[in-house]
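The values are calculated or read from the model by the stated rules, or taken from the named source; none is laboratory data. Every value quoted in this text rests on a predicted model; they were computed, and no experiment measured them. So basically every Cβ, Gly included, is an ideal-geometry build from the backbone, and we count neighbours across all protein chains shown.
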Amino acid sequence: MDLMLTGAAPPWFSRAAVALVATCALAACGDRQERASQTAAKVNKDEVTVHQINFALQQQRVRPEQSDAAARQVLERLIDQQLALQKADDLKLDRDPRVVQQLEAARREILARAYFDRIGDGAAKPTPEEIHAYFEAKPALFRERRVYNLQEILIDAPAAQEAALRQRLAQSADVAAFVESLKAQGIRYTGNQVVRGAEQLPLAAVDRIAAMKDGEAMVTATPAGLQVLVVVGSRPQPVTEEQARPAIEQFMLNERRRQIVEADLKTLRQTAAIEYVGRFAAAAASAPATAAAPSAAKPEGLADADVGKGLGLKR
């Protein structure tokens with residue numbers, strides 16, 4: 001018997017069609033609800049999402065108890081940023097040569113850092129025995145830790161004056177007399193007085209400063225001249241191994257990651273075809289054969305940037 005097409009659909013088709021339409025409607029509704037739940041604010045034609053806020057909070061390492069207030073502050077900044085971005089798009093600033101160069105530089109930096117982070121993840125965590133050994137090897141940082149009141153004097157002077165300035169400091173009755181002699185000679189300097197725990201000092205200088213008595217000074221050559229560091233006073237504030245363990249573990253892990261990155265970068269340089277061209281060719285020929293580390297060494301000063309060289313314990 002031949003089947004004939006009629007206007008009426010079979011019952012099974014109607015039920016299937018209704019189910020399909022209902023499923024599609026629920027899926028579409030679910031998608032809209034999910035998108036709505038991910039939206040934190042609408043800025044003209046664009047949206048600021050919860051994911052953007054969470055990413056910003058992760059970058060800032062916000063503590064859980066501060067997350068609500070911080071999230072609102074981040075949202076307001078993202079709204080301002082989105083408004084500025086919209087105007088930048090209107091002005092086609094993404095085609096400006098300087099902006100293009102900055103975007104490419106940021107891209108290179110982000111990708112290179114991501115690579116170094118990836119290979120650094122292979123570093124092994126220090127064992128409890130290694131942490132204990134580090135604690136025992138650094139008494140000035142832990143068991144004999146002190147908090148120092150330090151006076152720093154940065155002297156702008158050529159290398160030829162270094163010996164004379166060191167002698168003048170040694171012959172001065174105190175730091176005030178030395179500073180007066182600098183004024184009399186018209187030598188430029190800047191002074192700064194800070195309070196620092198041992199862990200906030202440059203690690204290379206911790207033991208040396210710990211051995212100094214109140215009133216003693218340490219002189220270090222800098223690219224611009226000399227740095228005079230005076231221990232005005234100090235007080236003991238020891239740290240137990242239990243208190244120090246998290247910071248030691250993180251510090252040792254970071255050091256291992258740094259060593260892995262430096263070793264990998266050295267291998268990459270050795271296996272790559274690197275050719276210096278033009279005026280850089282002559283400079284490369286006269287430079288030492290060893291490549292510079294990713295982070296250039298800096299003077300052992302007490303500037304804000306140097307505080308990061310410390311172990312990172314909290315007082």
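Among the listed residues Val239, Val231, Val261, identify the single one that is within 30 Å of Gln151 (Cα to Cα), within 28 Å of the chain's Cα centre (by Cα) and among the hydrophobic types (A, V, I, L, M, F, W, C). Let's see the steps before the verdict.
Details: Val231 fails: within 28 Å of the chain's Cα centre (by Cα); Val261 fails: within 30 Å of Gln151 (Cα to Cα).
Within the list Val239, Val231, Val261, the selection yields Val239.
How many residues are surrounded by fewer than 12 Cβ atoms within 10 Å (Cβ to Cβ) and part of a strand (DSSP E or B) when one looks only at the range 37-67?
So the answer is 1.
Given (1) modelled with pLDDT under 90; (2) surrounded by 12 or more Cβ atoms within 10 Å (Cβ to Cβ), identify the lone condition not met by Ala163.
Here Ala163 clears every test but (2).
State whether the residues of the range 140-152 include one that is in a strand (DSSP E or B), among the charged types (D, E, K, R) and surrounded by 10 or more Cβ atoms within 10 Å (Cβ to Cβ).
Taking every residue of the range 140-152 in turn, at least one turns out to be in a strand (DSSP E or B), among the charged types (D, E, K, R) and surrounded by 10 or more Cβ atoms within 10 Å (Cβ to Cβ).
Take Val219 and tell me if it is surrounded by fewer than 19 Cβ atoms within 10 Å (Cβ to Cβ) and either among the hydrophobic types (A, V, I, L, M, F, W, C) or assigned to a helix (DSSP H, G or I) (or both).
So Val219 passes the test.
If Arg315 satisfies every condition in (1) basic (Lys, Arg); (2) in a helix (DSSP H, G or I); (3) at pLDDT below 50 but one, which is the exception?
With respect to (1) basic (Lys, Arg); (2) in a helix (DSSP H, G or I); (3) at pLDDT below 50, Arg315 is out only on (2).
Please enumerate the residues belonging to the range 178-200 that are among the aliphatic types (A, V, I, L, M), buried (at least 16 other Cβ atoms within 10 Å of the Cβ) and over 26 Å from Gln167 (Cβ atoms).
Answer for the range 178-200, where residues must be among the aliphatic types (A, V, I, L, M), buried (at least 16 other Cβ atoms within 10 Å of the Cβ) and over 26 Å from Gln167 (Cβ atoms): just Ala198.
Please work out which residue is nearest to Leu226 (Cα to Cα), limiting yourself to the range 164-181 and to residues that are outside any helix (DSSP H, G or I) and without any contact (Cβ under 8 Å) to a residue 40 or more places away in the chain.
My answer is Ser172.
Quick one: which residue in Gln81, Gln52, Gln66 is farther than 17 Å from Thr39 by Cα and either β-branched (Val, Ile, Thr) or assigned by TED's automatic domain parsing to the domain that holds Thr39 (or both)?
Result: Gln66 is the single residue among Gln81, Gln52, Gln66 that is farther than 17 Å from Thr39 by Cα and either β-branched (Val, Ile, Thr) or assigned by TED's automatic domain parsing to the domain that holds Thr39 (or both).
Take the range 96-117 and flag every residue that is loosely packed, with under 10 Cβ neighbours inside 10 Å and in contact with a Leu (Cβ under 7 Å, 6 or more places away or on another chain).
Scanning the range 96-117 gives no hits.
Before we move on, is Arg235 surrounded by 12 or more Cβ atoms within 10 Å (Cβ to Cβ) and of a type in the set (D, E, K, R)?
Taking the combined requirement at face value, the residue does not satisfy it.
Look at Gln161 and say whether it is within 27 Å of the chain's Cα centre (by Cα) and either under 22 Å from Val219 (Cα atoms) or outside any helix (DSSP H, G or I) (or both).
No; evaluated as a whole, the condition is false for this residue.
Return only the number of the condition from (1) modelled with pLDDT of 95 or more; (2) surrounded by 13 or more Cβ atoms within 10 Å (Cβ to Cβ); (3) part of a helix (DSSP H, G or I) that Ala70 does not satisfy.
Evaluating Ala70 over (1) modelled with pLDDT of 95 or more; (2) surrounded by 13 or more Cβ atoms within 10 Å (Cβ to Cβ); (3) part of a helix (DSSP H, G or I) leaves (1) as the failure.
If I filter the range 122-135 for residues that are closer than 30 Å to Gln243 by Cβ and at pLDDT below 95, do I get at least one hit?
Yes, the range 122-135 contains at least one residue that is closer than 30 Å to Gln243 by Cβ and at pLDDT below 95.
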